[in-house]
Amino acid sequence: MGQTPIMRAHLQRDKVNFYGMLDLVIRTEIVTRAEKMNSAATAIHLQQILDAYSDKPILLFWDRAKWHGGAAVKQILADNPRRKVMKYPPAAPDLNPQEQVWKAARHHVSHNHDRSKLSELADSFEQFLRTNTFGYSFLEKYYINAIRAMYK
């Protein structure tokens, strides 16, 4: 009483980054936690996708995030001709099924949470992504059967 309260604040905000890839057929997620979102981290995530689907051609639908470019990404794409990349139009998150995955994970894990440590929250977020399936109307809306037939 009679003294100005002292509030301590962190000058730097902690954060965790995730890469995600939704398999539009079986509706499961491949997730990679990364310190930074850059070409090197994207290449690591791409390698995980390639390893998970080692015997199948891959059609990636990508937004236009700046970390989807760079030397490391260009190299891994050049080294793996069984994959194709289609980019979404600019400013079209409604077309990207991965955005629906992020929304579901935030809703179930990080909204109104009681975790005091970011690492615990990140672990729960990653666990949710790895253990759930995610539906999205992209399959019906954009003729996934025709796309699937092209890659059998």
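One line per residue, one yes/no per condition, for (1) at pLDDT below 95; (2) surrounded by fewer than 18 Cβ atoms within 10 Å (Cβ to Cβ); (3) not hydrophobic (A, V, I, L, M, F, W, C):
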| site | (1), (2), (3) |
| --- | --- |
| M1 | yes, yes, no |
| M7 | yes, yes, no |
| L11 | yes, yes, no |
| D14 | yes, yes, yes |
| Y19 | no, no, yes |
| D23 | yes, yes, yes |
| R27 | yes, yes, yes |
| T32 | no, no, yes |
| T42 | no, no, yes |
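A quick yes/no check of all residues on (1) over 22 Å from K74 (Cα atoms); (2) among the β-branched types (V, I, T):
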{"residue": "V16", "(1), (2)": "yes, yes"}
{"residue": "V31", "(1), (2)": "no, yes"}
{"residue": "K36", "(1), (2)": "no, no"}
{"residue": "S39", "(1), (2)": "no, no"}
Determine whether region 133-150 contains at least one residue that is surrounded by 13 or more Cβ atoms within 10 Å (Cβ to Cβ), assigned to a loop (DSSP other than H, G, I, E, B), out of contact with any Cys (no Cβ under 8 Å at 6 or more places or on another chain) and at pLDDT 95 or above.
no
Look at region 65-84 and say how many of its residues are at pLDDT below 90 and either aliphatic (A, V, I, L, M) or in contact with a strand residue (DSSP E or B) (Cβ under 7 Å, 6 or more places away or on another chain) (or both).
3
Would you pick out the residues in region 52-84 that are among the aliphatic types (A, V, I, L, M) and surrounded by 13 or more Cβ atoms within 10 Å (Cβ to Cβ)?
A52, I58, L59, L60, A72, V73, I76, L77
Report every pair of residues separated by at least 6 positions or lying on different chains whose Cβ atoms are under 9 Å apart, first residue within region 90-107 and closer than 11 Å to Y136 by Cα, second surrounded by 12 or more Cβ atoms within 10 Å (Cβ to Cβ) and acidic (D, E).
L95/D63; N96/D63; Q98/E29; Q98/D63; E99/D63; V101/E29
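Per-residue answers, yes or no, for (1) in contact with a helix residue (DSSP H, G or I) (Cβ under 8 Å, 6 or more places away or on another chain); (2) among the small types (G, A, S):
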site	(1), (2)
M21	yes, no
L24	yes, no
A34	yes, yes
Q48	no, no
A65	no, yes
Given the conditions (1) outside any helix (DSSP H, G or I); (2) of a type outside the set (F, W, Y); (3) under 23 Å from T133 (Cα atoms), every one holds for L46 apart from (1)
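Please enumerate the residues belonging to region 70-103 that are part of a helix (DSSP H, G or I) and either hydroxyl-bearing (S, T, Y) or farther than 15 Å from M21 by Cβ (or both). If you could, list the steps in order and put the result at the bottom.
So the first thing to find is which residues in region 70-103 are part of a helix (DSSP H, G or I), and the list is 71-78, 93-95, 97-103.
Result: A71, A72, K74, Q75, A78, P93, D94, L95, K103.
Output the number of residues of region 26-43 satisfying the condition of being touching a strand residue (DSSP E or B) at 6+ places or on another chain (Cβ under 8 Å) and either more than 13 Å from A65 (Cβ to Cβ) or not in a helix (DSSP H, G or I) (or both).
Filtering region 26-43 down to residues touching a strand residue (DSSP E or B) at 6+ places or on another chain (Cβ under 8 Å) leaves 28-37, 41-42.
Cutting the leftovers down to either more than 13 Å from A65 (Cβ to Cβ) or not in a helix (DSSP H, G or I) (or both) gives us 28-37.
The number of residues fulfilling the criteria is 10.
The values are calculated or read from the model by the stated rules, or taken from the named source; none is laboratory data. Computed from a prediction, not measured in an experiment: that's the story for all the values here. Cβ sites come from the backbone with ideal geometry, for glycine too, and all protein chains shown count toward neighbours.
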